[in-house]
Amino acid sequence: MIKAPISRQDLRRRIYREAKSDKAHRFWGILVPSAKMETLQEAYRLSKRNGGAPGIDGLTFEDVETMGRDRFLEDIRQDLLTGHYKPQKNRQVDIPKGNGKVRRLQIPCIRDRVVQGALKLIIEAIFEADFCPNSYGYRPRRSPHRALAEVRRSVLRRMSTVIDVDLSSYFDTIQHDQLLRLIARRVQDPQVLALIKKIIKATGKVGVPQGGPFSPLAANIYLNEVDWAFDAIRRQTAQGPYEAVNYHRFSDDIVITVSGPSSKRGWAPRALERLEEELKPLGVRLNRDKTRMVNTLQGEAFGFLGFDLRRVRKKAGNGYFILMTPQKKARQAVKAKIRDIIGNSGATPAQEVMSKIKVVLIGWVNYFRVGNSSRAFSEVRDYLEMKVRTLLTRRKRRHKRSIGWRRWSNEYLYNVLGLYWDWKIYPLKGPEAYQ
């Protein structure tokens, strides 16, 4: 009797259930499903959807489509199954951070992105069964909005002391031997472990590349024991349904909330000390200059996932709410993208320029519309209208450098050119809505 082939989704569900039911089980035979054509095709689709610049080989998705996608994936499949696969070096790109410093991204080539994505699609199901509920970053059915909702709920439950944690170059400090040790607790397939080692060693002797599909999963695996240590603290300090200490992590962005009563005085410094103790064996360090302890009862704000959060009194009636406003650097970043698109537009038709801007704004606005973002949206919208009017005026009269408020009406910008217009606010819901 011939068994019907199992689909990738069914395999992931089966792996997850087995990992959840047996915390000591170690998986083997993972390379074959990772190298299946179905898995490679899905990894390619996800990589193409995410876009991104080409790697060190200069190969683009258009090049792959021209040469034949199936042939390209079949070559990868054969290299994986025969053990001949070897990742190329990553292309390094420095992204300005706005404070004079840069964040170094390492861009894998498309071939390596597909391999990393395929491997992640299979082994992610194993570690999803192990991950702590207080980790939200780059996980199925979790989102930044859920993390923000959880943090907001903690602060409103009178956990008024907030530790805004900043890790020093987290991805660049992940120790390869430690990461492989953590993965080997659940994976005993030597071919897969050797493949993972090749992937992370392409970065150098330490760290995992920001920009590779496998890196977010590796980052979550690396801090999972820290997550569970703080979940144990949360359970130990809880009084009924209310916690005295809570911990929320999205990738390398961490917030610890501590109850404010005088009986809990000293708990916040101890929580920060405990975090350092948990991170030290992993070689991860706190950035003490940027790690802050904030008292929300005194109106102090803290940053999390691009928002500034502050406890303020309601205008009508009693009580407080958490004011969430887009951070200055988030506003500056989107304005810089608008400026770059317009500055590099050349002779591109205005409607096409507006379409490119729209793609940028849809993602930015959809993310920040859950906050108290009206003022930030007005700032960005006014900036956008000014830059578009300036562009149109310069194209019409090359020697005139005015903005053209009268000549180019809002009706023309929005109805004719199709300028982005959906700036509505939809307040952040409770955590349950994002599950």
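Computed quantities for the displayed model
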| quantity | calculated |
| --- | --- |
| Contacts under 9 angstrom Cβ, first residue in segment 359-371 being more than 15 Å from L384 (Cβ to Cβ), partner of a type in the set (G, A, S) and assigned to a helix (DSSP H, G or I), 6 or more apart | Y367/A330; V370/A149 |
| Residue match in segment 46-67 (condition: under 16 Å from E124 (Cβ atoms) and surrounded by 11 or more Cβ atoms within 10 Å (Cβ to Cβ)) | yes |
| Members of segment 223-252 found to be within 16 Å of L286 (Cβ to Cβ) and at pLDDT below 95, listed by number | S251, D252 |
| Segment 367-398 - residue that is assigned to a helix (DSSP H, G or I) and open to solvent by 70 Å² or more (accessible area, probe 1.4 Å) and, of those, modelled with the lowest pLDDT | K396 |
| Qualifying residue in segment 293-306 (condition: in contact with a Pro (Cβ under 7 Å, 6 or more places away or on another chain), open to solvent by less than 80 Å² (accessible area, probe 1.4 Å) and either of a type in the set (A, V, I, L, M) or without any contact (Cβ under 8 Å) to a residue 24 or more places away in the chain (or both)) | yes |
| Matching residues, segment 147-169, being within 18 Å of I322 (Cβ to Cβ) and either open to solvent by 30 Å² or more (accessible area, probe 1.4 Å) or β-branched (V, I, T) (or both) | V151, R152, R153, V155, L156, R157, R158, T161, V162, I163 |
| Selected residue [surrounded by fewer than 20 Cβ atoms within 10 Å (Cβ to Cβ) and in contact with a strand residue (DSSP E or B) (Cβ under 8 Å, 6 or more places away or on another chain)] from L282, L323 | L323 |
| Segment 409-435 residues that are touching a residue at least 24 places away in the same chain (Cβ under 8 Å) and under 20 Å from V380 (Cβ atoms), paired with ones that are of a type in the set (K, R) and in a helix (DSSP H, G or I) (beta carbon under 7 Å, 6 or more apart) | Y420/K358; W423/R381; L428/R152 |
| Spans of helices (runs of 4 or more DSSP H) in segment 52-155 with at least 3 residues free of Cβ contacts under 8 Å to residues at least 24 places away in the same chain, over 28 Å from D227 (Cα atoms) and not hydroxyl-bearing (S, T, Y) | 61-67, 69-82 |
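The values are calculated or read from the model by the stated rules, or taken from the named source; none is laboratory data. Small disclaimer: the values here were computed from a predicted structure and weren't measured. So basically every Cβ, Gly included, is an ideal-geometry build from the backbone, and we count neighbours across all protein chains shown. The accessibility values were calculated without ligands, DNA or RNA, using every heavy atom of the protein model including side chains. Shrake-Rupley method; radii C 1.70, N 1.55, O 1.52, S 1.80 Å.
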